[in-house]
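Trainee: One structure is given below, represented as C-alpha cells, and several questions about it will come after.
Bear in mind that the values in this text are calculations on the coordinates, not laboratory data. Bear in mind that the values here come from a model prediction, so they are computed numbers and not experimental data. Please note: Cβ atoms are built from the backbone with ideal geometry, for glycine as well, and neighbour counts cover all protein chains shown.
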Amino acid sequence: MDHKEVELIPLITGSIAEFYIEPMLPHVSDIDVMRHLNTELAIPRGHPPPTQLPAEFHNYVFVAEIIDSHLPGYVYSRVRYLLAQSNYTEYDKRRYLLNRDYKVEGTHIRHGPAVLTNYNEPWRLPFDVVYCIRCLSWPPQSADWRTRHRNYSWPDSATVDRVVSNGCDVVGVAHRQCRQDEWMGKR
C-alpha cells in the first residue's frame, strides 16, 4: 500500500453531535472526535467481507473479524481478509489489530481510549480523540443495546434504528483485568 494514501477519517461524536438546540455552544464542554483508518474495517465473525465500500475507504483494506473475548463487551479484531477493490483474499496470518497505543505529552491527557487536548484558552474548546475501527453493520455482541431500558424514552426508537443501521465503531482498549497481560493488553 502507498502509505501516502492512508488517511484518518474523523467522525464527530458526543454532545456536539447530539444536541439540536440553539445556541448549542453553552451546552458543549468539549468536542469528541473518533478517527478510523481508511485501510481497516471490522465485520462480525462469520460474515462475508463487503463487496462495496463507502468512498472514504482506500482501494486496499484489511478486514478484521470481531471475535468474542471471555469478557462481555470486549472483543478481539483478527485480520481475516485483504479487500482489494471489489475482490477479497483470505489473510492467513494470525494478525490481530492492536489497541492504539500512543504517547501522550504536553497538554494531552489520556483517559481510557481517549486523548484529551486542552488548550487552556477560553476561546478554544478542548477535544477528545478516540481511535476506532469502522464496522458497517451492527454486530451480534451489541444486539441487546437496541432493546435495553432507556430512561425517559431517550433516544427514541427512530434514533435507535438510525444508529443501528449505520453500524458501529470498535474502540481499542483492554479490560482492566487484562491490561497487565502481555498478549491481551495489546489486543
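Trainee: If each residue's Cβ is checked for other Cβ atoms within 10 Å, how do Ile67, Ile31 rank with the fewest at the top?
Mentor: Ile67, Ile31
Trainee: In addition: Fully extended, how many nm does the chain gain between Leu116 and Asn59 (0.36 nm per residue separation, minus their Cα-Cα distance)?
Mentor: Using 0.36 nm per residue and subtracting the Cα-Cα distance, I get 17.4 nm.
Trainee: Stretch Val164-Glu182 to full length: gain in nm at 0.36 nm per residue minus the Cα-Cα span?
Mentor: Taking Val164 through Glu182 to full extension adds about 3.1 nm, to one decimal.
Trainee: Could I ask something else about it? Taking just the alpha-carbon atoms of the range 32-75, what radius of gyration and Dmax come out, in angstrom?
Mentor: When restricted to the Cα atoms of the range 32-75, Rg and Dmax are 12.4, 35 Å.
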